[in-house]
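The values are calculated or read from the model by the stated rules, or taken from the named source; none is laboratory data. Because the structure is predicted, anything quoted here is derived from the model rather than measured. All Cβ positions, even for glycine, are placed from backbone atoms using ideal geometry, and neighbour counts span all protein chains on display. These accessible areas exclude ligands, DNA and RNA; they are computed on the full protein's heavy atoms, side chains included. Shrake-Rupley method; radii C 1.70, N 1.55, O 1.52, S 1.80 Å.
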Amino acid sequence: MNGKHRIAIVLLGIVVCMNLSAHVKDGVWQVYYAADPPVIDGDMDKLYWSASTERVVVLNRDDAAPPDSYLDLFAAARLLWDYENLYVFVKVVDDEISSSSSNSYENDSVEYFFDGDNSKVVEAFDGVDDVQVRIEYQDTDASGVDNCPDGTVFAVADWENPDGDAYGYIIEAAFPLANIEVDSEAGSVFGFEIQINDRDNEARENMFRWWGDSNDAWHWAHIWGEAELTFFTADDASSVLGTSEAPEIDGIMDAVWADESYVIESCTYVFTNDDVVDGSYTEIEDWRDLQMEFRMMWDSDFFFLWIEVIDDEISVSGANAWENDSVELYFDGDNSKGDVFDGVDDVQLRYVWGEASGGTENNVFSWGELEGGFGYVLELAIPFADLNIIQDPDLEIGFEVQVNDRDNEIRENMIRWWGSDNMTWREPWRFGTVVLMSWCCDPPWLLLDTLDWPDCREVFAPGDTLKVSWMTNSVNYVEIYISFDGGLNWEPANVIQSPDPGPRRLLISDHPSDNCLIRIQDAGHPGNYDISDPPFSISTGSGIAEKPVQPLAFGLGSNYPNPFNPSTTVSYTLDRSGPARLTVTDVLGKEVCVLWQGFKSAGAHEVRFDASELESGVYFVRLESVSGVKAGKIVLLK
């Protein structure tokens, strides 16, 4: 609902709006974080159900004619990331697959374009981090793929209906972020494009892209789109973000939807003739026939939903409500997923297009139309009380969304978020799962506020007390640790099970050191923590030491031994906590080893470098952090 231009007018009391690129915010594809790495096997893991998804349907402007039909060519791409890889799952609808050409670009294939620093050099590649990768349907491993970044893993698979007839193919790939030169941290923006080549009738008849319509993408990086790594996490249970501001239920997208929710794309089509096809399109005429995506939020009283349905024929002429164009919602308040509805908190709700009544007794909803006759919008606020749900952060709820599509005077199709079987209306175990997150538009954060030094001292004697306080948006259970060696080792000091952020008093033990640190940590999520900076000292004996604290100096220490064979210890110091990267390169600047990559606390650190697989010669250790870059020479003698 951002990025692409959205128009809103009022026509006969119904809001008319248009947006066909919901995962694009301010022109940038929002890439969600993978809670667990997907298995690269061509099978869509459940966390892809919550991935950011875009249709790849921008027709190459030079094509003589568009594809014959939806079955001729259609594609959708799903993106995820973690601190190692960018995951791209592409599903292509294609009724004729061919690899008969000697030119790879003329065969059925998927092309990926990356510009790691998003420099967008005009009418050229920058020769540094701009890369085009083409994976053909016939490829089996990276050895046959031109320009394939080192470490890339992919799988190609057919997708089929129950009778075993293939209607297209899947390419699932994991691209190492380091090797496509994309910074592995939330907020990183990089140039990106994806292209589908369709070989029919012994020629490349069509190309579809996500962003641009020009066939110059293969050598002009400036015409690619952009993608951004975000904090929003995709998991088997999809996250529903808490909101600090309730949207106005009027069928017009308020800014709060864009700021405090993320889009979930539909995944499965269900056919009323009992031919159940997981994710297939065999009875869908074209991409305008039926598509669905939705957003969710919650506050202390309501579960909010924004649902967009692309539908080129809207009808309510059926005698039964379920036969008409409509939206059905399913809730299982305790996520018990029973075989039958339990009569307590298992609920089915139906909203028929254009009707003013439906759903629960006290829910509020509004309809809107997508501009140009593309379909409709449904915006809802459903009281938790109507669902017999006692809302609570981290509460898991069984959930499903279904859209009924009436075409040609019958309910021709259904599309759902989670299930592919037309038994959801009586079997809750077929629902998906969502979880209420206790934070709004940011992940839970924890920040040390102060370390209260008595008498403004930064040097303590055994028996002194140190007061620790912090700030947080939602963390209630905080663990406190102390380190006497700059963060290499930590000892528990206290556990605080209270929303009160302090201050808490810590008794200083008899452990002399000039490099002491305090760490506070979310007890439920240890990766959420903060560390004091700068270090403080503990003196020997009683009394207040006069020795000033020496600030940490960012840099590399001397590795020992040097020269070495085959291993050596590399020492380095970080003057403040944060993301850090320690690598080894050869004399030409080529990276040969990553010794560390990720968050690192301030202090002195060591890592062992094993060069058993390398040849004798001069190498360079390179340290990068928020404080800068340092490099040092090492010599391997075998």
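Things worth noting here:
- Modelled label positions at A246 and S571, each set 7 Å beyond Cα in the direction of Cβ, lie 6.1 nm from each other.
- Accessible surface for the range 287-385, divided over its residues, is 36 Å² per residue with a 1.4 Å probe.
- Reach of K337 by Cα under 16 Å, taken over aspartates and glutamates that are not fewer than 8 positions away in the same chain: D236, D345, D346, E396, E400, D421, E427
- The range 335-415: Cα Rg divided by the 2.2 N^0.38 Å rule of thumb: 1.31
- E396 versus E355: modelled label distance in nm, points set 7 Å from Cα along the beta carbon direction: 3.4 nm
- Aspartates and glutamates with Cα under 16 Å of K633, excluding same-chain neighbours fewer than 8 positions away: D586, E591, D610, E615, E624
- Qualifying GluC sites (Glu not before Pro) in the range 291-323, where qualification requires a DSSP coil assignment and no more than 16 other C-beta atoms within 10 Å, comprise E313.
- Listed by chain and number, the lysines placed with their C-alpha closer than 30 angstrom to that of K630 are K120, K547, K590, K600, K638; residues fewer than eight positions away on the same chain are left out.
- Ranking by accessible area, most exposed first, for M44, M471 with a 1.4 Å probe: M471, M44
- Computed P(r) (all Cα pairs; the range 65-180; 10 Å bins; percent): 12, 40, 33, 13, 1
- The range 66-133, accessible area per residue, ligands and nucleic acids excluded (1.4 Å, Å²): 34 Å²
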